[in-house]
Amino acid sequence: MDMVNSIIINIIILFGLVFLYDLSNKSIGQTDKKVRLFFGILIGLSTIIIMENSWVMFDGALFDSRTIMISVVAFFFAPLTSITATILAVLYRALVGGVGVYSGVMGLLFAFSIGFIWKVYIHKKLNINNYLKFYILGVVVHIFVLLSYLILPKDVSYTILQQMSFIIMLAYPIAVMFLSISILNHEQRLNAEKEIIKNKEKYKNIFDHNPLGIVQYNEEGAIELANDSILEILDLNREEIIQRNMYDLTDPIFTKAVKTSLEGSNAFYEGHYTTSTGKTLNTKVQLFPIIAGGEILGGVSIIEDLSIKHELSLLRERDILTNLLNRNSFDKFILDTNKQVTYPIGIAVADINAFQSINKQLGYDIGNKFLISISNILMEETDTLDAQCFRVWGDEFAIVFEGYNNSQIESITNDIESKINAIDTFDMSVSVSIGYAVTNDKKTTLPTLFNLAKEHMYQNKIYYNSLVPKKTIDVIMIALFTKSKRERQHSERVSLIAKHIAMEFDLGEKFVKRVELAARLHDIGKINISDEILDKPTLLSKQERQRIHKHPESGYLIFNSMPEYQMIADIIYSHHENYDGTGYPRHLKETDIPLEARIISVADAFDAMTRKRPYRTPVSIDEAITEIEYHNGTQFDPSVVEKFMSLKQESNIKLLFNTN
């Protein structure tokens with residue numbers, strides 16, 4: 001009977017503490033260390049009270065619900081709280097002493113350890129309901145508690161296990177389960193209350209700061225709340241609008257809409273309203289019922305002033321020339337972190353090649369017609385797609401695709417590029433470079449995706465000769481080749497030889513194309529040098545050599561003005577630098593010289609030696625190769641020379657080196 005009374009008292013104390021804790025409205029998720037320590041001391045003292053009401057089987061053999069308390073605390077509370085409570089309980093049990101002191105202390109330590117381990121490693125992995133999870137926790141804890149009695153003398157442990165095992169394994173896991181569920185319900189209630197408060201604050205902020213006018217009215221139609229926007233729209237102060245009735249307006253269509261909302265349905269009204277100052281507004285009103293527990297408590301009316309002309313809205317959102325969405329709209333789209341978009345999402349960027357040249361050569365009127373034609377193609381190609389087209393810069397466009405994968409966007413952009421490049425209604429061809437980026441990762445922001453698309457577009461401009469259309473490149477180079485036929489042949493041969501050397505490095509197609517293009521353009525700076533100097537049949541004077549030595553810098557200045565060509569510009573600037581630093585114009589050395597320029601240096605020197613010049617006769621291929629080997633490590637990069645020499649093993653090398 002004493003045992004039953006003790007158990008009942010323990011349960012009353014245990015759940016009484018939970019009841020008091022529930023009344024406190026305090027969360028177990030406290031972050032302040034002092035609060036956690038206070039909770040630990042309070043729980044530890046509560047555990048001592050439980051042990052004060054133990055059932056004593058033998059002198060020093062105590063039975064109570066302390067292991068229930070400690071295991072649950074270890075599971076739910078922060079380590080500082082549960083450790084503090086456990087230490088206090090262990091100290092008190094040690095102080096009480098008796099034959100069961102060691103098993104009692106071990107039982108407390110088992111309860112703490114298993115509760116903590118269960119929280120960290122096991123609880124989330126069990127795909128069962130919470131009642132069963134916590135019951136199993138109680139079973140595991142008290143199996144170990146029973147095992148702790150085995151350290152007692154054999155006859156004592158046998159007696160305890162014989163008499164208490166059934167009671168402990170029957171009642172204690174159930175107590176752990178109900179205690180845990182009580183705390184879990186307490187936390188869920190607090191979280192729900194916090195969410196309600198948060199939602200109230202959100203609603204209040206939306207209500208107070210909404211640019212649309214909002215009023216809330218009761219089931220009789222009397223206005224109870226009004227935000228500042230509605231006061232401004234209607235030219236009223238708060239005292240004038242509160243307690244006005246929605247039915248007071250004489251427009252029968254509006255009063256019918258109010259009645260509809262108070263009958264439980266959404267309603268809509270659009271019409272004119274004359275303010276107390278005589279201003280007439282064109283308004284759009286949406287009315288919604290407020291329903292709770294199946295009962296209609298009133299309604300909410302959202303009022304929008306449509307007096308601002310529609311053209312102003314178009315100016316904010318649309319590009320005047322092309323009627324595409326403008327940069328402002330694009331920025332709003334990609335910078336709106338709350339916008340819900342469909343994944344995968346992709347952004348394509350299209351840039352008109354050499355648009356400044358079009359404007360200068362054909363005039364801005366023709367340039368505008370180009371822009372309109374391209375915009376029409378963009379709209380036609382995306383008209384039936386889930387896509388939006390933007391003009392984000394003078395000659396730059398963006399398309400946002402929602403729900404399209406990489407291959408689909410590639411196909412669409414290829415079609416767009418082909419149709420734009422096929423425009424033939426003007427005296428000059430037009431082309432665009434298009435790049436795109438696609439993601440399924442919601443962590444990738446839209447501005448990041450836009451930048452990736454631009455990078456892809458610029459790569460296409462550089463590596464696929466679409467930064468400046470081929471015709472335009474030819475126009476630039478013809479200006480030089482007209483001065484000297486030998487320069488045209490030289491550029492083509494150097495480009496071909498440099499391309500093959502670059503291929504030996506196995507650094508990818510883009511690297512090869514970059515070397516090939518830079519080699520073709522490497523002497524563009526000679527456009528500023530007179531024919532007499534370029535084709536002089538005798539040795540150059542000191543002043544003439546200085547003039548020639550400036551052509552890398554001149555070439556650099558031509559291309560550096562175009563951001564996309566800055567890498568090519570730097571290669572051209574460096575193609576007469578020597579590996580040991582004795583070259584010109586900047587005396588760069590070793591890896592400070594771009595690898596592409598080091599490759600062009602070898603190709604340029606080889607072609608110069610094997611071709612007839614006005615002031616000297618050519619040498620043989622073998623002699624030129626020997627000369628390059630001789631300057632290996634001084635004028636030329638050893639790694640480039642090595643790749644160049646490997647070309648000798650190719651069966652078509654003679655054909656390559658004898659290219660006309």
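The values are calculated or read from the model by the stated rules, or taken from the named source; none is laboratory data. Treat the numbers as computed from the prediction; the structure is a model and nothing was measured. Note that we place each Cβ from the backbone using ideal geometry, even for glycine, and neighbour counts take in every protein chain shown. Side chains included, ligands, DNA and RNA excluded: accessible areas come from the protein's heavy atoms. Shrake-Rupley method; radii C 1.70, N 1.55, O 1.52, S 1.80 Å.
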Restricting region 414-435 to residues that are within 17 Å of N451 (Cα to Cα) and buried (at least 21 other Cβ atoms within 10 Å of the Cβ), which is modelled with the lowest pLDDT? S433
Which of the residues spanning region 67-94 are more than 19 Å from K119 (Cα to Cα) and of a type outside the set (S, T, Y)? I87, L88, A89, V90, L91, R93, A94
For region 351-366 the number of residues that are open to solvent by 40 Å² or more (accessible area, probe 1.4 Å) and either within 14 Å of E417 (Cα to Cα) or touching a residue at least 40 places away in the same chain (Cβ under 8 Å) (or both) is 3
Do we have any residue at all in region 378-387 that's in contact with a strand residue (DSSP E or B) (Cβ under 6 Å, 6 or more places away or on another chain), under 14 Å from I423 (Cβ atoms) and part of a helix (DSSP H, G or I)? yes
Name every residue in region 168-197 that is open to solvent by less than 30 Å² (accessible area, probe 1.4 Å) and over 30 Å from M57 (Cα atoms), in order of residue number. I181, I183, H186, E187, L190
Being touching a His at 6+ places or on another chain (Cβ under 9 Å), modelled with pLDDT of 85 or more and within 29 Å of T283 (Cβ to Cβ) narrows it down to one residue among N218, N227; which is it? N227
Determine which member of the set D580, D622, D607 is assigned to a helix (DSSP H, G or I) and either touching a Lys or Arg at 6+ places or on another chain (Cβ under 9 Å) or at pLDDT 90 or above (or both). D607
Considering (1) farther than 30 Å from L262 by Cα; (2) under 43 Å from the mean Cα position of the chain (by Cα), say which one K202 fails and leave the rest. (1)
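Table: residues versus (1) out of contact with any strand residue (DSSP E or B) (no Cβ under 8 Å at 6 or more places or on another chain); (2) buried (at least 18 other Cβ atoms within 10 Å of the Cβ); (3) modelled with pLDDT of 85 or more; (4) part of a loop (DSSP other than H, G, I, E, B).
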{"site": "I223", "(1), (2), (3), (4)": "no, yes, yes, no"}
{"site": "E232", "(1), (2), (3), (4)": "no, no, no, no"}
{"site": "E240", "(1), (2), (3), (4)": "yes, no, no, no"}
{"site": "Q243", "(1), (2), (3), (4)": "no, no, no, yes"}
{"site": "I253", "(1), (2), (3), (4)": "no, no, no, no"}
{"site": "V258", "(1), (2), (3), (4)": "no, yes, yes, no"}
{"site": "S265", "(1), (2), (3), (4)": "no, no, yes, yes"}
{"site": "E270", "(1), (2), (3), (4)": "no, no, no, no"}
{"site": "N282", "(1), (2), (3), (4)": "no, no, no, no"}
State yes or no: is I117 within 40 Å of the chain's Cα centre (by Cα), modelled with pLDDT of 90 or more and open to solvent by 50 Å² or more (accessible area, probe 1.4 Å)? yes
Which members of region 559-571 meet the condition of being open to solvent by 50 Å² or more (accessible area, probe 1.4 Å) and at pLDDT 80 or above? M567, D570
Filter region 536-558 for residues that are open to solvent by less than 10 Å² (accessible area, probe 1.4 Å) and out of contact with any Pro (no Cβ under 7 Å at 6 or more places or on another chain); which is farthest from E516 (Cα to Cα)? H551
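For every residue, the table says whether it meets (1) in contact with a helix residue (DSSP H, G or I) (Cβ under 6 Å, 6 or more places away or on another chain); (2) open to solvent by less than 70 Å² (accessible area, probe 1.4 Å); (3) hydroxyl-bearing (S, T, Y).
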| position | (1), (2), (3) |
| --- | --- |
| L324 | yes, yes, no |
| Q340 | no, no, no |
| P344 | no, yes, no |
| V349 | yes, yes, no |
| N368 | no, yes, no |
| I372 | no, yes, no |
| M379 | no, yes, no |
| T382 | no, yes, yes |
Only one residue in S301, S357, S276 is more than 19 Å from E396 (Cβ to Cβ), at pLDDT below 85 and polar (S, T, N, Q). Which one? S276
The lone exception for S307 - which of (1) under 30 Å from S265 (Cβ atoms); (2) at pLDDT 75 or above; (3) out of contact with any Gly (no Cβ under 6 Å at 6 or more places or on another chain) it fails: (2)
Mind checking whether some residue in region 284-304 is closer than 27 Å to L449 by Cα and either aliphatic (A, V, I, L, M) or open to solvent by less than 70 Å² (accessible area, probe 1.4 Å) (or both)? no
Would you say T67 is buried (at least 21 other Cβ atoms within 10 Å of the Cβ), over 17 Å from I143 (Cα atoms) and in contact (Cβ under 8 Å) with a residue 12 or more places away in the chain? no
Step by step: first the residues of region 39-64, then only those that are open to solvent by less than 30 Å² (accessible area, probe 1.4 Å) and part of a helix (DSSP H, G or I), then the one that is nearest to G97 (Cα to Cα). Which residue is that? M51
Residue by residue through region 320-350, note down the ones that are touching a residue at least 24 places away in the same chain (Cβ under 8 Å) and either part of a helix (DSSP H, G or I) or of a type in the set (G, A, S) (or both). R327, S329, F330, F333, I334, L335, G346, A348, A350
Residue pairs qualifying under the 7 Å Cβ cut-off, at least six apart or on distinct chains, with the first in region 443-459 being among the aliphatic types (A, V, I, L, M) and the second being in a helix (DSSP H, G or I), are L446/I334
Can you tell me which of D64, D32 is modelled with pLDDT under 90, among the acidic types (D, E) and under 25 Å from N191 (Cβ atoms)? D32
With the condition kept exactly as written, say whether any residue in region 5-17 is modelled with pLDDT under 70, surrounded by fewer than 22 Cβ atoms within 10 Å (Cβ to Cβ), part of a helix (DSSP H, G or I) and of a type in the set (S, T, N, Q). yes
Quickly run through region 177-225 and pick out the residues that are touching a Phe, Trp or Tyr at 6+ places or on another chain (Cβ under 6 Å) and more than 23 Å from E295 (Cα to Cα). M177, S180, I183
Quick check on this structure: which one of F401, F390, F397 is assigned to a strand (DSSP E or B), crowded, with 19+ Cβ neighbours inside 10 Å, free of Cβ contacts under 8 Å to residues at least 60 places away in the same chain and in contact with an Asp or Glu (Cβ under 9 Å, 6 or more places away or on another chain)? F401
